[in-house]
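Q: Pasting a structure here, questions to come.
The values are calculated or read from the model by the stated rules, or taken from the named source; none is laboratory data. None of the values given here were measured: they were computed from a predicted structure. All Cβ positions, glycine included, derive from the backbone under ideal geometry; neighbour counts span all protein chains shown. Keep in mind that these areas ignore ligands, DNA and RNA; they rest on the heavy atoms of the full protein, side chains included. Shrake-Rupley method; radii C 1.70, N 1.55, O 1.52, S 1.80 Å.
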Amino acid sequence: MRGKGISYDTGFVRNGVNSWPDFDPAVAERDLRVIRDELHCTAVRVIGGDPERLELVASKAAELGLEVWFSPYPLELTTDQMLELFADCAERAERIRRQGAEVVFVAGAEHCLMNPGFVPGGQFEERVQVLMDRDRAVRLIPEVVARVNEFLADAVKVIRERFGGKVTYAAVPLERPDWTLFDFISVDFYRSAEIADQFVDGVRALVAQGKPVAITEVGCATYRGAPDLGGRALEAAEFDPHSGLPIRLKDAHERDEPGQAEYLREVLAVFDAEGVDSTFVFAFALHGFPHRPDGDPRDDLDLVSYGIVKLAEDGSWQPKAAFAALADSYR
């Protein structure tokens, strides 16, 4: 792979609530140095909902010599609000690019799930339930594809008027974006038990389309059984319906750091062997998912976190087994 990357969470914003309320630029700079020097990453996908934080962290990543994938992440926004966010962020990304950095702009992610107007349902959880009904999903997909592509055409126009670098979009496979609009084919692509026998062929099909392929999200939570769930491992937690932040686990789960590490080793080996251009493991850390080793095991939210480090409530962190696995894969 050319781009050996990881996602860095600057704080997701949902209904005005930021998942990293006490954001500290010094902490972000420390983490970025670890990402470059200890994980051997060459690229970082800077994600979040606050444009100022995105620019600050992306600028520091660029100063450290990392390729920056500037990724505003709209949650529960209207299409007009998303276009306003992208316009602002495209100007910020262009400032960094003009200083000589390699910057790719990512026009959001998984819009049919994360934002209203593409799939029936007022909130993320409702839209997921709609798409879990296979018969209904099959009937809806053509309409969803059309709505997503109509919006992406508008978004790309807004972005390219302000940003001179490469542009992509982090899709879920069912959205079927018109990739002629973009410089990369970018997909959030998790291996789960349901698609394990089709996973390699799925990667090959992406690469066969002829454009550079980026896996913008792949990862694994930290409890036993999570590798089989892929991107659905968060279903083990209860979430606040307003902020989207986790409250506690629905049931007690056993920590399985070796399982998370082995999952990453296996999928990264596939991406490397099949000619994927860039991969961004999700994620370095997830704020709002603290590690609570004492007390009720249902309160240890790190178990459902895809982070490769476990965050304490005071903001300090410790590497998981997945940290070493990623470092070895990228070295």
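Q: What FRET efficiency do you get for VAL130 and ALA196 if R0 is 41 Å and r is their Cβ-Cβ distance, rounded to the nearest 0.05?
A: 0.95
Q: Express the carbon and sulfur contribution to the solvent-accessible surface of the range 62-217 as a percent, rounded to the nearest whole number, probe 1.4 angstrom.
A: In the range 62-217, the share of accessible area belonging to carbon and sulfur is 50 percent.
Q: Please report, in cubic angstrom per residue, the volume enclosed by the convex hull of the alpha-carbon atoms of the range 237-321.
A: Value for the range 237-321: 117 Å³ per residue.
Q: So, one more: Can you show me the helix-derived [θ] at 222 nm for the chain, built from DSSP H runs with n ≥ 4 at -39,500 (n - 2.57) apiece and divided by the number of residues, rounded to the nearest 500.
A: The helix contribution divided over the chain gives -12000 deg cm²/dmol.
Q: Continuing with the same structure: Would you please give the FRET efficiency between LYS166 and HIS40, computed as 1/(1 + (r/R0)^6) with r the Cβ-Cβ distance and R0 = 25 Å, to the nearest 0.05?
A: 0.65
Q: Considering only protein heavy atoms, what is the solvent-accessible area of MET132 at a probe of 1.4 Å, reported in Å² to the nearest 10?
A: 100 Å²
Q: Within 10 Å of each candidate Cβ there may be at most 12 other Cβ atoms; applying that plus a DSSP loop requirement, which chymotrypsin sites (Phe, Trp or Tyr not before Pro) in the range 17-94 survive?
A: The qualifying sites: there are none.
Q: For the chain, what is the accessible area per residue in Å², given a 1.4 Å probe and the full set of protein chains?
A: Result: 41 Å² per residue.
Q: By accessible area of protein heavy atoms, probe 1.4 Å, what ranking do ASP197, ASP188 get, highest first?
A: Result, largest first: ASP197, ASP188.
Q: How much of the DSSP beta bridge set in the chain is antiparallel, as a percent to the nearest 5?
A: Counting only bridges with both partners in the chain, antiparallel ones make up about 25 percent.
Q: A further question on this structure: Are there trypsin sites (Lys or Arg not before Pro) in the range 179-243 that DSSP puts in a loop and that have at most 16 other Cβ atoms within 10 Å, and which ones?
A: Answer by residue number: ARG224.
Q: So, taking all protein chains as they sit and a 1.4 Å probe, how much accessible area belongs to CYS41, in Å² rounded to tens?
A: Solvent-accessible area, nearest 10 Å²: 10 Å².
Q: Does the range 130-203 classify as rounded, prolate or oblate by the C-alpha gyration tensor (a ≥ b ≥ c root eigenvalues; a/c under 1.5 gives rounded; else a/b over b/c gives prolate, otherwise oblate)?
A: Taking the square roots of the gyration eigenvalues as a ≥ b ≥ c, the range 130-203 is oblate.
Q: Under 19 Å from a point 7 Å along the Cα-to-Cβ line of GLU63: which residues of the range 1-31 have their amide N that close?
A: 8-10, 23-31
Q: What length, rounded to one decimal in nm, is gained on full extension from THR180 through to GLU262, with 0.36 nm per residue of separation minus their alpha-carbon distance?
A: Value of the extension gain: 26.0 nm.
Q: Could you work out how much longer the chain between LYS250 and ARG139 gets when fully extended? Use 0.36 nm per residue separation minus the Cα distance between them, nm to one decimal.
A: Contour length minus Cα-Cα distance gives 36.8 nm.
Q: Which ³J(HN,Hα) values, rounded to whole Hz and listed in residue order, are derived for the range 275-292 from phi using the Karplus coefficients 6.51, -1.76 and 1.60 in 6.51 cos²θ - 1.76 cosθ + 1.60 with θ = phi - 60°, glycine and proline given as x?
A: My calculation for the range 275-292 gives x, 5, 6, 9, 9, 10, 5, 9, 8, 4, 8, 10, 6, x, 10, x, 7, 10 Hz in order.
Q: Across the chain, how many lysine pairs, 8 or more apart or on two chains, come within less than 19 Å at their alpha-carbon atoms?
A: Lysine pair count for the chain: 7.
Q: Which value, in Å² and to the nearest 10, is the accessible area of THR216 when all protein chains are kept and the probe is 1.4 Å?
A: It works out to around 0 Å².
Q: Could I ask something else about it? Return the FRET efficiency for the residue pair ASN15, LYS157: r is the Cβ-Cβ distance, R0 is 35 Å, and the value is rounded to the nearest 0.05.
A: The computed FRET efficiency comes out at 0.80.
Q: Let me ask you something else. Quick check: convex hull over the Cα atoms of the range 1-71, volume per residue in Å³, rounded to an integer?
A: It comes to 77 Å³ per residue, whole-number rounded.
Q: For the ranges 321-329, 254-262, 102-110, what's the packing order if you count other beta-carbon atoms within 10 Å of each residue, average per peptide, and put the highest first?
A: Going from most to least packed, we get 102-110, 321-329, 254-262.
Q: Cα centroids of the range 189-242 and the range 272-331: how far apart, whole angstrom?
A: So the separation of the two Cα centres works out to 15 Å.
Q: While we're on this one: Once mean projected area of the Cα convex hull in nm² is worked out from the coordinates, which option in [x] 15.0; [y] 20.1; [z] 18.3 does it equal?
A: [x]
Q: Further, regarding this structure: Counting only DSSP beta bridges with both residues in the range 1-111, what percent are antiparallel, rounded to the nearest 5?
A: 10 percent
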